[in-house]
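First comes the structure, then the notes that go with it.
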Amino acid sequence: MNGLRDVVVLGVGQTVFGKRRGVSPITMGVEAAKAAIEDVGPGFDPKSLECVYASRSRDDTQTAENIMQFLGIAGLEMHNTENACASGGGAVHLLWKDIAYGVHDIGIAIGTESMTSEKPGLIGVAGGDLADVLGFSMPALAGLCCNKLIEECGCTLEDIAYPSIKNHRNALLNPYAMYKKEITFEDVMRSKLISDPVRTLHCCPITDGAAAVILCTPEIARKYAHKLVKIATSKVLSAPFEKWNDDILDTQVMMDLAKACYDDSGFGPEDLDLIELHDAFACEEIYATRCLGLCKAGDEKKLIHDGVLERTGKHPMNVSGGLQSLGHPLGASGVRVVAEVASQLRGEAGQRQLENHPKVGLTQMIGGYLTGLTVPAVGSMQILTVE
Amino acid sequence: MEEKRYFWDGLIREGNDGPVLIGHRCKKCGKISFPATTLCTDCLGQEFEDVDLPRCGKLYSHTTTEVPVGKFPLPHAMGHVIFPDAKVRVFGPMSAEDDLRSGDDMMVTEDVLWTEDDGTPVWGYRFRKVEVQ
């Protein structure tokens, strides 16, 4: 792409995502980073890392420096990033950029977060924003979108629940998932109403966890791996300003990211063998299909009913179990999805490995809300491919 | 009489026919913003004048939150109302008694949004469904 250097995934690691009360984000970050280092292989010296990006959306400082000292690594360029739900995608992106532009040859991105240590309540929007003061929350945003899907796209409550049911089924195969239990439509409808029609089982659980990926040049990677997974493109964008007549289901930041990633990589929606994306709320998968160009607006329901997003479908979505089953430690998810897609493309995803030898995968994380911008306010996206 | 306490200053005022929301029109390009801003996002203009938004708009989106959020009494209905003539979309609280559906005609009213622990009512705007002939 435009004279940039190729960037490949050298190692991936993650913790189990679940309720780990009392375990600090640093401890989890160390666990994920160690797993990524071990994943590279016994001959790998972590002191060869040249830079570190850590992502964490909640308070505290120096997360990268703190994690790395427990791995015996200091004295490097390190940064800490925050970008709401897309924080982890941003850490991966910055590392990708460093290597693609020739600033560094190898580095690690680590995402970590403890959500159980927070005060219980709905995930809100930027403090002091008009909508925040008026009681807006992320579940309320999902409620607005669900009612649009029902009133304007012919979706039923069964359709809205489908991604949650599918992703819980997918998670049965994922040892890192918090939930390994199938759920039914009746279970969803019996769960507590949060913001109509969104119920508890449409929402991701509150979990803690961390993930890490080591990226490098192909020259370095060839010393350790035979099958190189390349990050063909990576993007981070803020949402554009909102227009009074925008369609709330046309997630503008996701559409802009997808266009930029398709243009840069030469891949298109028809090429995507798997997709891991932000399904903090089940309905997000439904309108993501139009935003990613998998179908036209209004055809989302047909796509679902044709099984296109199933493990066995043309575009498997969230085969990990997604945020619906792993939860959403905010800083970690954007790194975890890159680790997940890389594992699938290598053919090393264990029980959950897709059988059709996936060649191209897309990762996406979106989040945040600011009055004046289209919703959500920020996003990250990568397209990965295997030789 | 004690002055009303509003949750956010400069959003609503009493018009000739009832309360209206105050839009903020860019003197350079005419774009109307709500709430007030210091910079026009279309032309970067920095001079504005207040304009009344129409009293009625169309419901664009809606949901009702059933679990505690801020100090709002539950259930807490909210959503977006669009004012096509002014080309503005406004997020705000709705009346939880209304059976809402996108496209409904909505009127802005002034109402108590919540009550502080010391009993002080906090005022703001709330949209209510109306039948327009």
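Throughout, read-outs are computed from the coordinates displayed, never taken from laboratory work. All values reported here derive from a predicted model rather than from experimental measurement. Note that each Cβ is placed from the backbone with ideal geometry, even for glycine, and that neighbours are counted across all protein chains shown.
Just a few scattered comments:
- Wholly within segment A:274-328, helices (runs of 4 or more DSSP H) carrying at least 2 residues that are under 21 Å from A:Q14 (Cα atoms), within 13 Å of the chain's Cα centre (by Cα) and among the acidic types (D, E): none
- Pairs where the first residue, in segment A:66-92, is of a type in the set (D, E, K, R) and the second is in a strand (DSSP E or B), C-beta under 6 Å, 6+ apart: A:E77/A:C51
- Cβ separations smaller than 9 Å between residues 6+ apart or across chains give the following pairs from segment B:55-66 residues that are more than 8 Å from chain A (Cβ to nearest Cβ) to residues that are assigned to a strand (DSSP E or B) and charged (D, E, K, R): B:C56/B:D105; B:G57/B:R89; B:G57/B:D105; B:K58/B:D105; B:L59/B:D105; B:L59/B:K129.
- Against the list (1) in contact (Cβ under 8 Å) with a residue 12 or more places away in the chain; (2) out of contact with any strand residue (DSSP E or B) (no Cβ under 7 Å at 6 or more places or on another chain); (3) hydroxyl-bearing (S, T, Y); (4) under 25 Å from A:K181 (Cβ atoms), the condition A:T312 fails is (1).
- Any hit, segment A:225-232, residues being among the small types (G, A, S), surrounded by fewer than 24 Cβ atoms within 10 Å (Cβ to Cβ) and out of contact with any Cys (no Cβ under 9 Å at 6 or more places or on another chain): yes
- No other residue among B:C43, B:C26 is hydrophobic (A, V, I, L, M, F, W, C), without any contact (Cβ under 8 Å) to a residue 40 or more places away in the chain, more than 10 Å from every other protein chain (Cβ to nearest Cβ) and buried (at least 19 other Cβ atoms within 10 Å of the Cβ) apart from B:C26.
- Annotation: B:D50 fulfils all but one of (1) at the interface with chain A (Cβ under 9 Å from one of its Cβ atoms); (2) closer than 25 Å to B:K31 by Cα; the unmet one is (1).
- Top-ranked residue of segment A:146-165 - restricted to ones that are more than 12 Å from A:K301 (Cβ to Cβ) and touching a residue at least 60 places away in the same chain (Cβ under 8 Å), ranked as nearest to the other protein chains (Cβ to nearest Cβ): A:K148
- Selection of segment A:94-145 for residues being under 13 Å from A:S57 (Cβ atoms), buried (at least 18 other Cβ atoms within 10 Å of the Cβ) and away from chain B (no Cβ under 12 Å) yields A:G111, A:T112, A:E113, A:S114, A:M115.
- Residue within segment B:93-105 that is surrounded by 15 or more Cβ atoms within 10 Å (Cβ to Cβ) and either over 24 Å from A:C145 (Cβ atoms) or touching a residue at least 60 places away in the same chain (Cβ under 8 Å) (or both) present: no
- Residue list for segment B:1-33, filter: touching a helix residue (DSSP H, G or I) at 6+ places or on another chain (Cβ under 9 Å) and among the aromatic types (F, W, Y): B:F7, B:W8
- Looking only at residues of segment A:180-216 that are buried (at least 23 other Cβ atoms within 10 Å of the Cβ) and not hydrophobic (A, V, I, L, M, F, W, C), we find that the one that is nearest to the other protein chains (Cβ to nearest Cβ) is A:S195.
- For segment B:99-133, residues that are within 13 Å of chain A (Cβ to nearest Cβ), assigned to a strand (DSSP E or B) and of a type outside the set (A, V, I, L, M, F, W, C) total 4.
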